[in-house]
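Worksheet: one structure, shown below.
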Amino acid sequence: MLLGQFAIIGLVSATCNVDEFDLHKADDGAGVSLLQSQARMHRQGMEAEETWAGGYKRCTEQAPMTQSGCKHVAGGIDFAAHPRFCAEQARVRGIDSFQFSKYGITTECWLKDCQSVDMQFIPHNGPAQMDVFSTSCGLERSHIEKEGDGYCAAAFTNNLIFPPPQRSACRNGLRFRSISNNNLRGFGPNPEDEGHMRFSLVLPGVDLVVKADENYRTSRPQRNGIQGKFGQINVAAGVKTMLNFRFVSTGTENAVEVKEFLFTVFDMDHFKFCNSRKTVNATRFSAYYVGADSSLLVKTDAGGVGRPASSSFASSQTGHGKDNPTEPRALTPSQQSSSVSFLFKQKKFFNMQFEVSKSGGSARNFLFAGKSSITESVCPWKNR
């Protein structure tokens, strides 16, 4: 399959760590099976679906007598007489998915807000099959083998290739220039601060508060905070911790919803002998993008009851201090290959799991910022 500059990565369970799933069995598991079926999408040209309003496509990975488990937005019985009319109603509302059923003279058209390529299906006990359509079904998958670096075995990239983000995603460029509270989970480096991090003015009038769960540990708390134009969090080897990123009005605890933004994690690599391998798990994003020659290994979990669809991004290459990025918008090809940008929409907060493998090595730094070179063609950098 063709690789573009923009690549999408599926979602991985927050309960899995690198040691618990095999990155090298790239064609095993329900998540990869889902990607394969999505990538097969209706290129045989079923009916004239490609000409429907908004580019909605039938989700061919759907099992019989199921329906979308995404959020219901509008529609109902006899809301639209044909799926193409259902598609038009979804398009004018900006909804990414819908489902349609017909039995006798009765039709059902339900508009669904999924915001994810990993469509969730639940049982449908109605009188007829409920066909699900989406703008996100059928995305291509990158399946390129990465040889590893001697101690990490060869594995495949397995990321999805999303359409480029809209220009609207560029408007809210998160900036990490100052921090007013720096004592994540009480580890310091400022022990007098409250037990979290607070990045000031990441957007005009908006701070970003970061909290960690009880699993967080670090042996180098002095590394937490601001690193140039990046936010930075140090995680000890053998630790897997869930971080909550929450937008609030500057100087308050009042939640703020950000309509659309990009959040990028950089420098995803490991030490020699595959020690202290970095992994990031993410959920509830609308899309993700990696470099044209990404070195990240993606594991997808289609989700289930009480567990959202998720994607895991693991390092495959050894890094060293000299290859660390210094400017989010001026990454080298190598720096792009070890970074991933997530597109989020309408979020007051988002969660992300950071993990460092326990096999040797020591604590690692996770660098993050907003826009990056990965989406340069859509969000050009004025300083160039």
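The values are calculated or read from the model by the stated rules, or taken from the named source; none is laboratory data. Since this is a predicted model, take the numbers as computed values, not measurements. No Cβ is skipped: glycine too gets one built from the backbone with ideal geometry, and neighbour counts run over all protein chains shown.
Going by what's in this entry, would residue 262 be described as crowded, with 23+ Cβ neighbours inside 10 Å and either outside the structural domain of residue 96 (by TED's automatic domain parsing) or modelled with pLDDT of 95 or more (or both)? First the steps, then the outcome.
Details: crowded, with 23+ Cβ neighbours inside 10 Å: yes; either outside the structural domain of residue 96 (by TED's automatic domain parsing) or modelled with pLDDT of 95 or more (or both): yes.
Yes, satisfied.
Among 215, 244, 254, 281, which is among the polar types (S, T, N, Q), under 20 Å from the mean Cα position of the chain (by Cα) and surrounded by fewer than 19 Cβ atoms within 10 Å (Cβ to Cβ)?
Details: 215 fails: under 20 Å from the mean Cα position of the chain (by Cα); 254 fails: under 20 Å from the mean Cα position of the chain (by Cα); 281 fails: surrounded by fewer than 19 Cβ atoms within 10 Å (Cβ to Cβ).
Going through 215, 244, 254, 281 in turn, just one is among the polar types (S, T, N, Q), under 20 Å from the mean Cα position of the chain (by Cα) and surrounded by fewer than 19 Cβ atoms within 10 Å (Cβ to Cβ): 244.
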Are there strands (runs of 3 or more DSSP E) fully within the range 46-162 with at least 2 residues that are β-branched (Val, Ile, Thr) and either at pLDDT 90 or above or within 25 Å of the chain's Cα centre (by Cα) (or both)? List them.
71-77, 106-113
Scan the range 314-332 and give yes if some residue there is crowded, with 17+ Cβ neighbours inside 10 Å and in a strand (DSSP E or B), otherwise no.
yes
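Report yes if residue 230 is buried (at least 17 other Cβ atoms within 10 Å of the Cβ), touching a Leu at 6+ places or on another chain (Cβ under 8 Å) and closer than 23 Å to residue 309 by Cβ, otherwise no. Before you say what the answer is, go through the steps one by one.
Working: buried (at least 17 other Cβ atoms within 10 Å of the Cβ): yes; touching a Leu at 6+ places or on another chain (Cβ under 8 Å): yes; closer than 23 Å to residue 309 by Cβ: no.
No.
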By residue number, the members of the range 349-379 that are part of a loop (DSSP other than H, G, I, E, B) and not hydrophobic (A, V, I, L, M, F, W, C) are 357, 358, 359, 360, 361, 362, 370, 371, 372, 376, 377
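Can you name every residue in the range 265-284 that is in a loop (DSSP other than H, G, I, E, B), modelled with pLDDT of 90 or more and on the phi < 0 side of the Ramachandran plot? Talk me through it step by step, then tell me what you get.
Quick first cut of the range 265-284, residues in a loop (DSSP other than H, G, I, E, B) only: 267-269, 271, 275-277, 284.
Checking the rest, the ones that are also modelled with pLDDT of 90 or more come to 267-268.
Matches in the range 265-284: 268 only.
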The one condition in (1) farther than 27 Å from residue 97 by Cβ; (2) part of a strand (DSSP E or B) that residue 252 fails to fulfil
(2)
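In the list 183, 158, which residue meets the criterion of being crowded, with 19+ Cβ neighbours inside 10 Å and without any contact (Cβ under 8 Å) to a residue 40 or more places away in the chain? Walk me through how you get there before you give the answer.
Values: 158 fails: without any contact (Cβ under 8 Å) to a residue 40 or more places away in the chain.
Result: 183 is the single residue among 183, 158 that is crowded, with 19+ Cβ neighbours inside 10 Å and without any contact (Cβ under 8 Å) to a residue 40 or more places away in the chain.
Which ones in the range 141-155 are out of contact with any Asp or Glu (no Cβ under 8 Å at 6 or more places or on another chain), surrounded by 20 or more Cβ atoms within 10 Å (Cβ to Cβ) and either of a type outside the set (Lys, Arg) or under 28 Å from residue 213 (Cβ atoms) (or both)? Spell out how you get there, then give the answer.
To start, the set of residues in the range 141-155 that are out of contact with any Asp or Glu (no Cβ under 8 Å at 6 or more places or on another chain) comprises 141-153.
Now narrow it down to the ones that are surrounded by 20 or more Cβ atoms within 10 Å (Cβ to Cβ): 141-142, 146, 152.
Result: 142, 152.
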Does at least one position in the range 353-364 carry a residue that is closer than 13 Å to residue 280 by Cβ and either free of Cβ contacts under 8 Å to residues at least 12 places away in the same chain or surrounded by fewer than 24 Cβ atoms within 10 Å (Cβ to Cβ) (or both)?
yes
Say we look at the range 339-348 and pick out the residues that are part of a strand (DSSP E or B), within 13 Å of the chain's Cα centre (by Cα) and not charged (D, E, K, R); which of these is surrounded by the most Cβ atoms within 10 Å (Cβ to Cβ)?
341
Meets criteria (farther than 28 Å from residue 94 by Cα and among the hydrophobic types (A, V, I, L, M, F, W, C)) for residue 161
no
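For residue 67, are the conditions met, namely being outside the structural domain of residue 282 (by TED's automatic domain parsing) and farther than 22 Å from residue 162 by Cα?
Details: outside the structural domain of residue 282 (by TED's automatic domain parsing): yes; farther than 22 Å from residue 162 by Cα: yes.
In short, yes.
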